[in-house]
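What follows is a short report on a single structure.
What follows is calculated from the coordinates using simple rules that are stated; it is not laboratory data. The model shown is predicted, which means the values in this text are computed figures rather than measured ones. In this analysis, Cβ positions are derived from the backbone assuming ideal geometry, glycine residues included, and neighbour counts consider all displayed protein chains.
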Amino acid sequence: MRVLILMLITLLVGINPLKAADKSPIKIGALFALSGPAAFIGTPTKLVAEMAVAEINKAGGINGHPLKLIMADTEGDPTKAVMAVKKLIEVEHVIALIGPTRTGTGMAIKPIIERARIPIVMTVGGDPVIMEGKRFGSARYIFKAPQRSSTAVKKIYAYLEKKGLKRVAILTASDGFGQDGRRWLERLAPQFGLQIVARESFNPSDTDMSGQLRRLMYAKPQVIICWTIGPAGAIVAKNARQLGLKVPLFQCHGLPGPKYIELAGKAAEGNLMPSTKLVAWSELSPSDPQKPVIAHFVHLYKDVYQLDKQFPINTHSGYAWDAINLLVRAIKRAGLNPQAIRDALEQERSYVGISGIYRLSPKDHCGLGTDSMIIVRIKHGAYHLESY
């Protein structure tokens with residue numbers, strides 16, 4: 001009874017739990033593929049999340065409360081992701097989450113997040129996690145830090161429109177991410193006066209896509225767009241070079257980084273792709289508000305925490321940083337109630353992050369437009385800002 005009375009008094013006087021004398025840690029769950037086929041993305045994302053938390057705690061945490069990450073390995077497997085998120089919510093009692101690594105695992109945990117009413121800022125590329133409707137379910141508590149696939153497609157198509165390239169062939173992976181890309185490539189083409197003249201797909205584990213590329217070329221496209229992440233993108237580039245294809249090859253926004261150039265070798269030369277500004281940040285205009293933010297992040301990543309020695313910076317590197325900081329800003333405004341945190345996230349309009357300036361809303365749980373992206377071209381083994 002005494003405890004109940006104290007709780008009621010607290011509610012009545014409106015005491016913010018973050019201002020209480022108790023400085024216990026604020027627990028946030030983190031789901032990443034730390035093993036399995038997506039570990040090459042999940043592991044460095046985990047390290048960036050830990051770097052972000054360390055910097056926040058150095059600055060005093062949230063009103064004196066340290067932030068604590070409770071980590072879970074999804075292994076890139078939807079079933080294991082479901083088990084992991086249930087444990088974080090039901091056993092660890094986290095007030096919010098970040099992650100996971102892959103669109104498929106994001107979709108698997110989506111209904112659990114919605115039922116538990118715990119906000120999450122995902123670090124996946126695909127749009128379905130924040131899409132709603134009969135096919136995708138609800139997404140009231142789900143946000144994401146990376147650009148939407150549709151935003152990346154618009155960035156590519158604006159470039160093609162500017163260059164007068166109208167005949168497009170698409171080559172997409174058969175997984176959730178590839179299918180999401182294909183959906184938007186097909187849906188948005190008419191808005192930019194473009195024609196999809198040929199379509200092919202492949203399994204992400206395939207080791208040769210020469211047959212698909214040959215069939216695409218029968219349609220005489222002016223450009224080929226490939227939509228995948230991981231080694232498959234480099235295989236496509238090598239196959240295109242071996243076949244002597246002369247049309248430009250566009251990769252998607254999930255590939256910009258040193259690993260792609262390492263795997264594709266000389267075949268990477270001239271390849272184009274949409275990217276976060278992080279990949280070619282030094283070439284940004286001094287007036288770009290993201291430039292000093294990215295410069296500080298790069299300094300921490302390379303010089304202070306020395307993560308670059310093991311995991312060179314790529315387009316994914318800033319996602320967990322932005323996800324953590326978006327949550328922290330929301331918690332500072334809303335306190336520890338998950339519903340209030342969700343509402344505060346939805347009202348975020350001005351966070352200048354690594355991946356863009358976030359302007360979230362009830363209708364957009366990503367909040368990044370095409371102005372958050374650049375087109376990069378690989379020249380002499382490095383990414384450079386493509387002007388157009």
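Descriptive notes on the structure:
- Rg(Cα) / (2.2 N^0.38 Å) computed for segment 84-174, rounded to two decimals: 1.34
- ³J(HN,Hα), Karplus 6.51/-1.76/1.60, whole Hz, each residue of segment 233-249, x for Gly, Pro: x, 5, 5, 4, 4, 5, 4, 4, 5, 4, 7, x, 5, 9, 6, x, 10
- Degrees separating the helix 319-334 axis from the principal Cα axis of the chain, which is the longest one: 30 degrees
- Over the residues of the chain, the helix contribution to mean residue ellipticity at 222 nm works out to -12000 deg cm²/dmol, using -39500 (n - 2.57) for each DSSP H run of at least 4.
- Computed extension length for residue 186-residue 92: 29.6 nm, one decimal, from 0.36 nm per residue of separation with the Cα-Cα distance subtracted.
- Spacing of the modelled spin labels on residue 305 and residue 269, each 7 Å from Cα toward Cβ, amounts to 3.6 nm.
- Debye log10 I(q)/I(0) at q = 0.09, 0.14, 0.15 Å⁻¹ for segment 241-388, Cα point scatterers: -0.34, -0.75, -0.83
- A straight line joining the Cα centroids of segment 309-338 and segment 207-227 runs 37 Å.
- Per-residue 3J(HN,Hα) values for segment 257-272, derived from phi via the Karplus relation 6.51 cos²θ - 1.76 cosθ + 1.60 with θ = phi - 60°, read x, x, 4, 4, 5, 4, 6, 7, x, 5, 5, 6, 4, x, 4, 10 Hz in sequence order (x marks Gly and Pro).
- Amide hydrogen proximity for residue 227: with H placed 1.01 Å from N in the peptide plane, the residues at 5 or more positions away or on another chain lying under 5 Å are 171, 172, 173.
- Dipole of segment 150-252, positive end: most advanced residue of 237, 160, 170 [Cβ charges, Cα centre]: 160
- Projecting the alpha carbon convex hull of the chain along each direction and taking the average yields 19.8 nm².
- Net charge of Cβ neighbours under 10 Å - reference residue 96; Lys, Arg +1; Asp, Glu -1: +2
- Taking only the C-alpha atoms of segment 150-252, the Rg (one decimal) and the largest Cα-Cα distance, Dmax (whole number), read 12.4, 34 Å.
- Phi angles of segment 87-92 translate, via the Karplus equation with coefficients 6.51, -1.76, 1.60 and θ = phi - 60°, into HN-Hα couplings of 5, 4, 7, 8, 9, 7 Hz per residue; Gly and Pro are given as x.
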